[in-house]
Amino acid sequence: MKINFSKRKITPKILIIFHHRTIQNYGSGKHNMNIFSGVKLITTFSLLLASIIAAYHLLPYEPIVNYTITYLLGSFVYLILSAKIFRIEIHNEHLIPIIVFFLLVRISFVNTTPSASDDIYRYMWDGKVQASGINPYEYKPGDPKLSNYHSELLPAKVNFPEMRTIYFPLSEWLFFTGFKLSGENIWGYKLLLLLAEIITFVSLYFLLKKKNINLKYLLFYVLCPLPIFQFALDAHVDGFGLPLFVLALTFYSYEKKFLSALFLGLSLSIKPVGIVLLPIFFLNEEKLTSKIKFVLTALIAFAFQFLPYIFTSNPFEAFLIYTKHWIFNGFVFNLFNSFIHNNQTTRIICTILLSLSLLPLYFSKKNFTDKIYYAVLLLMIFSPVVHPWYIAWLVVLLPLTQKWSGLFYAAFSSLTIFTILNYQLHGMWKEYWVVLLLEYVPVIVLMITEMMNKKLFYVFSKN
């Protein structure tokens, strides 16, 4: 950098202070050049990634085609960018503009209609009937008793109108809030999800600070296309669960055990991913009374929400149907079911395999954070249903763990878009084995390698 002294006189004392602070902040010479070139590289790739995602608004094709192109390309660039983040030193002041920029990318989707999912119309319908004082678990959307509430949009666009709502009460209250904000418009729900993302960012920041983890790894979540497409664009409800989940980990790190258990229980109200984590918290506590108190607090926080509904309706009806029959993107499930050809038997086998995998993890000598991470990953691997937005529960842990298995999973899960693309363009729902293999084989190999503490697959972060 050249400094022009011709127009302003700088005293030697000021020059000494300037030089001293530069050395303190950045070092000098070749090291200084390496830092600036590294930051420039990260910034360039970040802008490229943001441009690819934002191109969704500009491409002249059908929305699902725009979605497919930008999601796949963005995921590929994200994987390359992740490798760069491992090896490049980034000072905190350089993170702020990148984070703000990707927050703006999320904001750009606030009023954009979802492309790969129609779940938001169920959210709207549930919010609408609640706004009219009706129990959302009492009637199916197509029930003639609700005909007075029908509009051109709702419940015509609600998926599976023959089923009652699958969502737990906390989600239902959020749907009610979204409807009160924007009625039969999407921006109210998107605005709430944007607020949830900001809380996730802030919670991750304090969690990384507490654990003395380099803040640059916050970019593993901020830059990831998966939560941008699944929450900012498609508005999936899991976006409300992530801040609750991260707050549970953050409060636990700060020794606020009651608040941690409370937020973990609330996260179960959005998606019961945390059920496989309760044994980890239980075993991590030293006293038996502390163990019991933590688990009971979480379970009571989860159960309390059902009190207004449990005596007049069945809030679990649709959820139980879903857990018995739905399948999508489950590698181990599909593998076994291709030989067994029995949905329920295969589910039982996968449940047993998951339990057998979790037990040694629970009692292993791995640190608390790694146990949390691998428990969620194993749940995804053995689950019959793994929509891409489910994987966000793992992605949000990447700033803490920096695992290549999660980075690959986040990127390669974008391949599932081919099923949605085929369905919207040709009306045929079909899963592809080549997608399952490309998505899961690298993840499973990397997971095993990581759990055995091998370094073979860390070449990406070294070179």
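The numbers here are math on the coordinates, done by the rules we state, and not lab data. What you see is a predicted model; the values in this text were computed from it and never measured. Using ideal geometry, Cβ is built from the backbone for each residue, glycine included, and neighbour counts are taken over all protein chains shown.
With contacts taken as Cα pairs under 8 Å and at least 6 residues apart, the chain reaches a relative contact order of 16 percent. Round to the nearest 10 and give me the degree value, 0 to 90, for the angle of helix 63-87's Cα axis relative to the longest principal axis of the chain. So the helix axis and the longest Cα principal axis differ by about 40 degrees.
Loop-resident GluC sites (Glu not before Pro) (DSSP state other than H, G, I, E or B) in the range 159-188 with no more than 12 further Cβ atoms inside 10 Å of their Cβ: E162. With Cα atoms defining each centre, the range 314-375 and the range 234-249 are spaced 21 Å apart in the structure. Would you work out if the range 119-182 is rounded, prolate or oblate? Take a ≥ b ≥ c from the square roots of the eigenvalues of the alpha-carbon gyration tensor; rounded if a/c is under 1.5, else prolate when a/b is larger than b/c, oblate otherwise. Verdict is rounded for the range 119-182. Classify the range 317-399 as rounded, prolate or oblate from the Cα gyration tensor: take a ≥ b ≥ c as the square roots of its eigenvalues, call it rounded if a/c is under 1.5, otherwise prolate when a/b beats b/c and oblate if not. The shape class here is prolate.
Exposure here means at most 12 other Cβ atoms within 10 Å; with trypsin sites (Lys or Arg not before Pro) in a DSSP loop as sites, the longest stretch of the chain lacking them is 10-286. The amide H of Y139, built 1.01 Å from its N in the peptide plane, has no neighbour under 5 Å, considering only residues 5 or more places off or on other chains.
Rounded to the nearest 20, the Cβ-based charge dipole of the chain about its Cα centre (Lys and Arg +1, Asp and Glu -1) stands at 2280 debye.
Over the chain, DSSP H runs of length four or greater, each weighted -39,500 (n - 2.57), average out per residue to a 222 nm ellipticity of -20000 deg cm²/dmol. Amide H to amide H, with H built 1.01 Å from N, V385 comes under 5 Å of F328, counting only residues 5 or more places away or on other chains. Computed from backbone phi with θ = phi - 60° and the Karplus coefficients 6.51, -1.76 and 1.60, the 3J(HN,Hα) list for the range 140-152 is 7, x, x, 4, x, 5, 9, 4, 5, 9, 6, 9, 5 Hz; x is used for glycine and proline.
Across the chain the C-alpha pair distances fall into 10 Å bins from zero in the proportions 4, 18, 29, 27, 14, 5, 3, 1, 0 percent. Karplus-derived 3J(HN,Hα) values for the range 359-374, using 6.51 cos²θ - 1.76 cosθ + 1.60 with θ = phi - 60°, are 4, x, 5, 4, 9, 6, 8, 5, 6, 4, 5, 5, 4, 4, 4, 6 Hz; glycine and proline are entered as x.
Ordered by the number of other Cβ atoms lying within 10 Å of each residue's own Cβ, fewest first, M452, M124, M380 fall into the sequence M452, M380, M124. Here the Karplus relation 6.51 cos²θ - 1.76 cosθ + 1.60, evaluated at θ = phi - 60°, turns the backbone of the range 179-195 into coupling constants of 5, 5, 6, 10, x, 8, 10, 7, 5, x, 5, 5, 5, 5, 5, 5, 4 Hz, with x for every Gly and Pro.
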